[in-house]
Structure formats: structure tokens, C-alpha cells
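To keep things clear, I will list the structure first and then write my remarks on it.
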Amino acid sequence: MEYTPGNIEVKWRKQWVDSKLYQVDNESDRPKYYVLDMFPYPSGAGLHVGHPLGYIASDIYSRYKRLKGFNVLHPMGFDAFGLPAEQYALDTGIHPAVSTDNNITRYKEQLNNLGFSFDWSREVKTCDPDYYKWTQWIFTQLFEHYYDLAADKALPISDLVTEFEQNGNAEIQAATTQTEIFSAADWKGMSEKEQRDILMNHRLAYREIGYVNWCEELGTVLANDQVKDGVSERGGHPVVQKAMPQWNLRITAYAERMLDDLNDIDWSNALKTMQRNWIGRSEGAQLFFDIEDRDAQIEIYTTRPDTIFGATYMVLAPEHELVEQLTTEGQRKDIDDYLAYVQSRSEIDRMSDKQVTGAFTGAYAINTFTQKRVPIWIAEYVLIGYGTGAIMAVPSDDERDQRFATKFGLEIIPVVDKSDYPGATLDDKIGKIINSDFLNGMEVKAAIKAITERIEEMGIGRKQINYKLRDAGFSRQRYWGEPFPIVYDENDFAHAVELEDLPVVLPETDDFKPGKGGKSPLSRLEDWVTTENGYTRETDTMPAVAGSSWYYLRYMNPHNTESFASPQAINYWQDVDLYVGGAEHAVAHLMYARFWHKFLYDLGKVPTKEPFKKLINQGMIQGVIEFAYYHKSSGKFISEDIIDQYDVNELAQMPVHIDFVTDYGSEESYLSEEGIEQFKNWRPEYKNAEFVTAADSDRFLTKSEVGKMSKSKFNVINPDEVVETYGADVFRMYEMFLGPIEASKPWDIQGITGVSKFIRRFWDLFFKNGNLHLSDAKPTKAELKILHATIKKVGEDIERFSFNTCVSAFMEATNELRKLKCNKASILRPMVILLAPFAPYTTEELWQLMGENESVHKATFPAYNEAYLKEDEIEYPISINGKKRATAVFATDASKDAIEKAALELESIQKWLEGKTVRKVIVVPRRMVNIVVG
RNA sequence: GCCGAAGUGGCGGAAUUGGUAGACGCGCUGGAUUCAAAAUCCAGUUCUCGCAAGGGAGUGGGGGUUCGAUUCCCCCCUUCGGUACCA
């Protein structure tokens, strides 16, 4: 019988759906195992060969776990809200819901072609009201809770109100921006607005006016991680700071727990480090300095209080609230000029040239320890958002302070002697303290402890832990996202929408243009904005990370209408055992998901502290990028995400010209007329696109390189074509065969013939002259050895996610069985099961041809028998001084002495021993022999 | 700059606890089959000296530990990823 993957795939795909093969119950006597893929954003470009890499790996692992007797949850869904669909709608008028739906259909088809064992009955889409009802509900819970630092968990706001009414806030330790202390009487005397403002300062989801990254071009606010080098990550548009009321999530309340619990999860070092850096914990001291002739103090934060005797000046961030008050008349002009300069500096300027700039306020602080007057400066190198927005500058032991002091001629007093540590840099926290009174002679570490204690005794400051992590701006001025479950009353007080009124459904419109003054398109829909009881709705929508922060929980019980998932379902599935996805989500998504999970844990809604026990980042399959692209009329680069929304033909027809630059061959080759011709031959689908030639292209430069596969880079290889030619099983195995799952590698179709050959050869073991031809004869020792060695190897390699070596093992076994002309059912039957996770279609077909009725995917993974792997004899390498000179075969149970004696007598060894003395002979049984001569 | 990961034939990669470096596959070379090609099959393929037998070198570079190092330690170089005035 000929191997026809196309027919086999169609047949089994239907059969698997009809028999609900991959549907999984929330009850089982089998142990549970939850394998999750990061769900995709369904872009218009469809899948390329890079996408499925992680899905294939997780599918193999899921199938393996099923064969091993686990009840495996392996779901899939779509991260369906997001900016690209909205941008596409603005350009084409096609509603995001429509384009998203089309894209999802396409994705599902492509995913199914690859034979993934997803339980589609559990599919979730973040844009589905039945789903985002619960995204909104979790938001209302964040709104109704505060973080209690004493209990170290989230508690209801109502508890806080009770406490305020009874005791004021003196006893409360909470994650808050509230600094003033008030009594119960104070509280009761406050206006409703004052009370509500204080409560807002405590909520885990809170509204605050703040500076946000405003992108005029996109008409929206961007998260910090969506801004790169002062321009938007999508599109590369300029971003400026703008004051707007924003919803924020108090993720900083969870900083410490997110840091601590990293120790308990099985993630890569690289990823954990990234998260640790992002959280950016630092220990130090926060303290006040008096200001000369002023009734004010400067509060600063430092990690090096031990160097306080070297603090010869102070620096405030330009935006610091004291700047106005401190500036003397004589310095007024300097300061105003400097503030104007800072205003004029865009983010890009700040990033690209870090100049040493600043201005003197004219005021002096008193260094409490030296009693010297130290000048107070402002400078842009001090950031308003970190610590207290003010520093004590120690130019002797801080590189930035040193540069600054040198430029402006400020005093430098050395306070740390590092002569005992040659090679130590300025930043290293080592050395002996000098010129510092009672700290003199102490090591840095001891001095930090001593001075911090002294500061606390003196009542001028305290030990303080700071984090780089910022609270998360959660408002987006867009249409295509979850509406906030928030309404405002006539006093503009925010109220959470009650559960029975959820979801707040995203209203219909066909006008997706940004609203006026940075408002979302929803603000135009007046009927929707005003509720029945006269309240006003929040018109911003949530960012894309909202829906992806908890989707793994919804899969556990996706159709529940009473809660986000039933307690029984959550209790059964617990958490994700294996999470597979790209490293590009290392920070944002994984931080939010961990934060939400911990919050739900505090509420008693989930049983585990962490959502994802083990995480694997699959590498990217890269393409060769041959050119740059930009929007010709605006002269701006086009965001790849946005281009990905478009069909190839649409792109070619676009009034926006896509221009190509490349150094394929040489820098000019595609820029010349000839080069463009060459390119069009290579990619005929772009024959209608307009190209620029070298003369027009002086403003952009890009070289060819290996990089991300993306439609915008015109280097996409579509898996459908590969599947068409070779079959899904070959495609799956080839992607695994390319290399370790975590490594990135360029796609090269050439090698696929090796895998294709392998599958055909494996298939051919079962047939003779086109007919099934299996033997019931007893297997030989050699055949059993091949089988059992493969069972052992494949089982162990799957466990350690080494799928590329599994494929090698299959090839080896097949080659050997072929040499032995093995057609014995007792060997081939377990081989089919072994191969089933990798090649689900082919093995299912062979399994049925062997007369089985149940699916091979319900079989049991075979066990290996060590007895079959035993060798009678082992070939030993024999080395002289570590260099292999001969090999010799000895019985497995030969004694060390016997091996040593025999090895020394070998003719091929003897000649190396002539005239030398044997000093030592090392025999490692079953491994090797090394003879040391001299 | 800082943090992290990595560097092995012409190419993708293997070597799981320090024990025969280069498994498996691609490519290439030669052969079989064919009118021919594709496909398929067989053999060879780290470099280098040599007709061969047999030497020499070899896992980014330099040192070290060890009977023995791709693997452990120190220094340096390169590439990729993250991050960037965080006091």
C-alpha cells in the first residue's frame, strides 16, 4: 500500500472529531496533567512555519502523557482583542469582530491540519462577552480590594472602611499612596469625596491622573513596554507624556511575592532573571535632609547610606514638587531655562544622548552628618518616578554623580577605600569606609547596617525597599477591547458594575476613529455611555493583557455561567503543569498572569500560588529578512503587526507603497531596476507592488539578516504548502528535528526529505508488494534490543523535552529494522505507539491496518525491559595517556584485572609501550581503559 | 554599560553523571537502476600528511584542575536575547 498522507489525514481528522477523541472530562481516576500553549493573536496573515513549533512540542507531550495514563487538559483559544484588528478596521471599514472571526476560522483550520489534539469544546476567545464578563468581574474584584501588608494579602475595601471608622488609618499597613495619618474622628468628618479619594488610593484597581505615554498618531496611550526608545513599538510613532485620568492596577503590591515565588517554579534561568530585573528590588534607606532657611525637608532614597559623609550635594528631579519653592530669585532664570530645556527634550533625545545637564536652585540642604551646607540642584538624570525623585549625590562613589560633579565643579570627598580590592569598580559594594567619623574602618556592608540604625535612632529616616516595577496603566482609548465595568455617578464617583449586570457588552459601532482629546471611540456612543439610572460609563477599554491574564483558568470550565470556573473544576485541574510559548511574553503577560493568579489566590478562588509550574520558551523559526519596508508617503516605517493584517494581494494593491531595500548579493542589487526585476521573479505575488530605487532610498537602511518570520518581512513560509507536499506528520517531525525546542533557528526546507524518507521507510516495514505483510514469528534478540532501546530513549527524551533526538532515535531504529527485514507484529506494534505522539495520522492508519479497533492515541506507552538491552560483550576504547590508540572487545562481566591484563597484551598497544614505563592503568568497567606511561 | 543564553564538520545538530567527539539528517562524492532525468537503493564523507599501513591536529581563543575535559575553574573574544541614568 502506498503512503498517501493527504488521504489518511482527511480520514482521521473527521474520525477524531466524530468520536470526540480529544475531549477531556473534569473527572477521572487518572492523574491530571495540564499542558497549555500561549494562545495566539489571530492575525490576518495566518500561521507561518514558526508558529507551530511550540504547539507541536506541547502536542507531542500531551499525547505522550495520555499514553502514560494521564487525564490531559490540552486546550486552545484566541487572544482576540487588540490594536491590529482595530487599525485594519480603520483602513478597510471591516469590523474588528468580523476580521477577527475570519482570522480565527483560518487559524483553526490550519491548526487542525497539523493534527493537534486540542479539546476544541473548551475553546475560549477573549472578545466573547461570555468570556470577558469574567475579565470584567475580576477587575471589579481588584477595584473592591486593597492590599494589606500586615496580612500580606488582598482584603476587601469594606474591611478598610470599618477600620477607618473605628481607628482611622494609624494601624493599617497597606499598599497605598496615602501618606497622611488620620483618626476615626477625622475620617467621619471628611466629605464623601475626601473619603472616596482615600479609598481610591488603596484599591488594587484605581483611577489616578498621571502622566501616560501618549501617541498622537495612534490616538492612544501605550504601556511602557509598548514604547521602545521613545517611539511606539507598533508603528514607530513618536510618544510624548500627557496627563490623563487612568485606571491602574496596583501590581507593585505583589512585587515581593512575585519575586519570592520565582524560586518555586520550574522556569528557565534567563526568564526568571528577566522577571527579577523587571521587578528590580533594591534595599536602602529613605531619609530627610533639612533645608537651610526653609521650613521644608528633602526626602531622598539611597542604597548606599554608608557613603552619606561623602554627600556633597543634592539633586531633585526637574518635576519634583519642591523645585518651585526652593528656587532663589538669583537662580530663577537658570532654573526656568533648564525646565524649558527638559520640556523640549523628547523621550528619544533623553534615550539617545545622555548628556550631563542640570541647574542650581540656589538653595542649600544641611548634611545631617557632616553639618555642611550642600547645594541643591535639579537634573534630568534623577527620575521623578523612582524612589522619592530626589537623591543625595556622592560623587566619590557613584559614576553619575561623579560625572555631574566634575562638570559643575562640585566637591568630591572620597569615603570608600578600595585599595584592598584591586580591580573593583565604583559600583561594587566593597571597601573600607574613610573620612566618615564613626563609620571609619568599617567594611561597606557593616557600615550600611550601622548608619541605617543610626538614621532610625535619630528619627530622620528608615530602612526602605524599593522596586523598579511600576503600577500598570490599564486604560486604552480604543474600541476593540473589554469595556471597563465601571460607571460614574453625578459626583464622578466610580462604582463597579454588579455581577448581575455583567458583562458590560462592547457596543456596536462602525466608527473606530479615536475620540476627541484622547478619548476612546466609545465616548461618541452617547446612548451607551449614559445608563438607565443616569450614570455615565467609563469609555476606555482594557489592554490586550487583560484577557490573557486568566484564560488558563477558563479552559478548566469554559461554559460556566455562574463563575469564571467552578471551584470543583479549578480544584481538579489546579494549575498549568506545562506552559509553552514564546519568550517575547517573558515580562508583560507572565507578570500580569502571575499577579492576577496571586490575587485570586488571596480571594480563595484558586488553590495554588503560581499559575504555571513549568514553562518552556520555544525558539523562533527564523526567516531570512531581505529588505526594509516603510510608508512612502509619510516616510515612516510600517509596523509589522499592522502589515500582518493584510492579505498579500491587498498589500500589493495598497496606495501605501511598500519599498524594498536589500543587500541580497550586494547593497544595490534589489535597488537597481535589475534587482527589482529579480525580486519580482523571486516573489511574483509582488509584481504589482511599487518599488523605490536607490535614488529614493537614502532615508532608510537595512541589511539582510536571519530574523523573525513575518509577513512584513516577506519571508513567511506557509505550513499549508509544506503539509500539502509532505504531509502533516512529516512537517511535525521535521520541525522537531531542526534542533532543541528552546533554540532559534532559520527555516531550511532542504532537510525535510530526510524525515520524509524516514516516514516512508517506517511505513514500508509493514508492507510487501503493496500488501500488508506482518509476521507473528518470535522476535530475535537483535530485534528486541532495537525495540527496547528505542522505548527507553524516546521515553526519556520526551520527558526532558528533547524531541529532536527522539526523531533521530526513530530513524536509527527504522534503519536497523529495515536491515533486519523485520516485519514482526510484536516489534512493530509497540513501535507504532511510540511514534504516535509525533506522527498521529500515520500511526493511526497503521494501527487500524494492524486490526486494532480503538485509536492508537488511547493505547498504553510500552515499557522497556532492561534485560533486552544487556550486552554480552562491550567494545572498550584503549587509550595511552588519554589518547585513544586501539579498541578491544571484552565480556561485560570481565574483571578489572582481566581487562587490564588483556589490554596491556594487545599488539596494537604493545608498540606504544616500547621503551616506556607503565605507571598506572585506569579501567572503568563498561566504559574505557586508559594506560598512563612515562 | 549591566544581566542572561550560546559558540562543535560545508550546513542543522548529537554526546543525559568528566570516559571512543561528530549520533541522526541535509549537502557533497562515487556506484547501482534508467534511453535520460527525477525518485529509489548501496558505499564514502572533521581537517590534514600519506599510494597504503599509519601519523598529526581538532569542540571560539588562552591558561588551569584531572589518568582523562565539548562537559569543571579562571581570563579573553564573538553572536543572540533582555535592559538601560532605578540612586
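The values are calculated or read from the model by the stated rules, or taken from the named source; none is laboratory data. Just so we're clear, the structure is a prediction, and the values are computed from it rather than from any experiment. For neighbour counting, all protein chains shown are included, and Cβ atoms are generated from backbone atoms with ideal geometry for every residue, glycine included. The area values use the complete protein model at the heavy-atom level, side chains included, leaving out ligands, DNA and RNA. Shrake-Rupley method; radii C 1.70, N 1.55, O 1.52, S 1.80 Å.
Figures for the structure shown
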read-out: Odd one out for A:Asn71, checked against (1) closer than 17 Å to A:Tyr552 by Cα; (2) modelled with pLDDT under 95; (3) open to solvent by 10 Å² or more (accessible area, probe 1.4 Å); value: (2)
read-out: Qualifying positions in the stretch A:536-578 - among the basic types (Lys, Arg) and under 30 Å from A:Asp489 (Cβ atoms); value: A:Arg537
read-out: Cβ pairs under 8 Å, 6+ apart, first in the stretch A:775-799 and assigned to a helix (DSSP H, G or I), second within 16 Å of RNA strand B (Cβ to nearest atom) and small (Gly, Ala, Ser); value: A:Ile786/A:Ala813; A:Leu787/A:Ala813; A:Ala789/A:Ala813; A:Thr790/A:Ala809; A:Thr790/A:Ala813; A:Lys793/A:Ala809; A:Val794/A:Ala809; A:Asp797/A:Ala809
read-out: Residues satisfying the stated conditions in the stretch A:905-917, i.e. open to solvent by 40 Å² or more (accessible area, probe 1.4 Å) and farther than 11 Å from A:Asn881 by Cβ; value: A:Glu905, A:Leu906, A:Glu907, A:Ser908, A:Gln910, A:Lys911, A:Glu914, A:Gly915, A:Thr917
read-out: The stretch A:253-280 - residue that is within 16 Å of RNA strand B (Cβ to nearest atom) and of a type in the set (Phe, Trp, Tyr) and, of those, nearest to A:Leu578 (Cα to Cα); value: A:Trp267
read-out: Residue identified as within 9 Å of RNA strand B (Cβ to nearest atom) and either farther than 23 Å from A:His320 by Cβ or open to solvent by 70 Å² or more (accessible area, probe 1.4 Å) (or both) among A:Glu399, A:Glu453; value: A:Glu399
read-out: Sole residue being surrounded by 20 or more Cβ atoms within 10 Å (Cβ to Cβ) and either away from RNA strand B (no atom under 16 Å from the Cβ) or in contact (Cβ under 8 Å) with a residue 24 or more places away in the chain (or both), chosen from A:Phe762, A:Phe767; value: A:Phe762
read-out: Where a residue in the stretch A:153-180 is at positive phi and its partner, wherever it lies, is aromatic (Phe, Trp, Tyr) and assigned to a helix (DSSP H, G or I), with Cβ under 7 Å and at least six apart; value: A:Gly168/A:Trp187
read-out: Matching residues in the stretch A:363-384 - criterion: being β-branched (Val, Ile, Thr) and under 19 Å from A:Asp334 (Cβ atoms); value: A:Val374, A:Ile376, A:Ile378, A:Val382
read-out: The stretch A:845-872 - residue that is away from RNA strand B (no atom under 11 Å from the Cβ) and charged (D, E, K, R) and, of those, least open to solvent (accessible area, probe 1.4 Å); value: A:Glu845
read-out: Test: residue in the stretch A:423-432 that is among the acidic types (Asp, Glu), out of contact with any strand residue (DSSP E or B) (no Cβ under 7 Å at 6 or more places or on another chain), outside any loop (DSSP other than H, G, I, E, B) and modelled with pLDDT under 90; value: no
read-out: Residues located in the stretch A:404-428, provided they are of a type in the set (D, E, K, R) and surrounded by 15 or more Cβ atoms within 10 Å (Cβ to Cβ); value: A:Lys418
read-out: Any pair with Cβ under 8 angstrom, 6 or more apart, that starts in the stretch A:534-557 at a residue that is at positive phi and ends at one that is surrounded by fewer than 23 Cβ atoms within 10 Å (Cβ to Cβ); value: A:Gly534/A:Glu490
read-out: Residue count for the stretch A:91-117, restricted to those that are open to solvent by 10 Å² or more (accessible area, probe 1.4 Å), out of contact with any Lys or Arg (no Cβ under 7 Å at 6 or more places or on another chain) and assigned to a helix (DSSP H, G or I); value: 12
read-out: Set A:Ala363, A:Ala424, A:Ala390, A:Ala359: member being over 25 Å from A:Arg470 (Cβ atoms), in contact (Cβ under 8 Å) with a residue 60 or more places away in the chain and small (Gly, Ala, Ser); value: A:Ala363
read-out: Any hit, the stretch A:464-485, residues being within 16 Å of RNA strand B (Cβ to nearest atom), out of contact with any helix residue (DSSP H, G or I) (no Cβ under 9 Å at 6 or more places or on another chain) and not aromatic (Phe, Trp, Tyr); value: yes
read-out: Positions within the stretch A:524-548 being in a helix (DSSP H, G or I) and within 33 Å of the chain's Cα centre (by Cα), in sequence order; value: A:Val545, A:Ala546, A:Gly547, A:Ser548
read-out: Residue that is surrounded by the fewest Cβ atoms within 10 Å (Cβ to Cβ), among those in the stretch A:731-758 that are among the aliphatic types (A, V, I, L, M) and more than 6 Å from RNA strand B (Cβ to nearest atom); value: A:Ile749
read-out: Any chance A:Gln136 is buried (at least 22 other Cβ atoms within 10 Å of the Cβ) and of a type outside the set (A, V, I, L, M, F, W, C); value: yes
read-out: Selection count, the stretch A:22-47, where residues are surrounded by fewer than 19 Cβ atoms within 10 Å (Cβ to Cβ) and either closer than 25 Å to A:Phe766 by Cβ or of a type in the set (Asp, Glu) (or both); value: 3
read-out: In the stretch A:380-396, the residues that are assigned to a loop (DSSP other than H, G, I, E, B) and near RNA strand B (Cβ under 8 Å from one of its atoms); value: A:Glu380, A:Tyr381, A:Val382, A:Leu383, A:Ile384, A:Gly385, A:Tyr386, A:Gly387, A:Thr388, A:Gly389, A:Val394
read-out: Test result for A:Ile786, modelled with pLDDT of 90 or more, over 25 Å from A:Pro52 (Cβ atoms) and more than 8 Å from RNA strand B (Cβ to nearest atom); value: yes
read-out: Scope the stretch A:552-575; condition more than 15 Å from A:Lys605 (Cβ to Cβ) and open to solvent by less than 10 Å² (accessible area, probe 1.4 Å); matching residues; value: A:Tyr555
read-out: Unique match (being open to solvent by 30 Å² or more (accessible area, probe 1.4 Å) and in a helix (DSSP H, G or I)) among A:Glu490, A:Glu500; value: A:Glu500
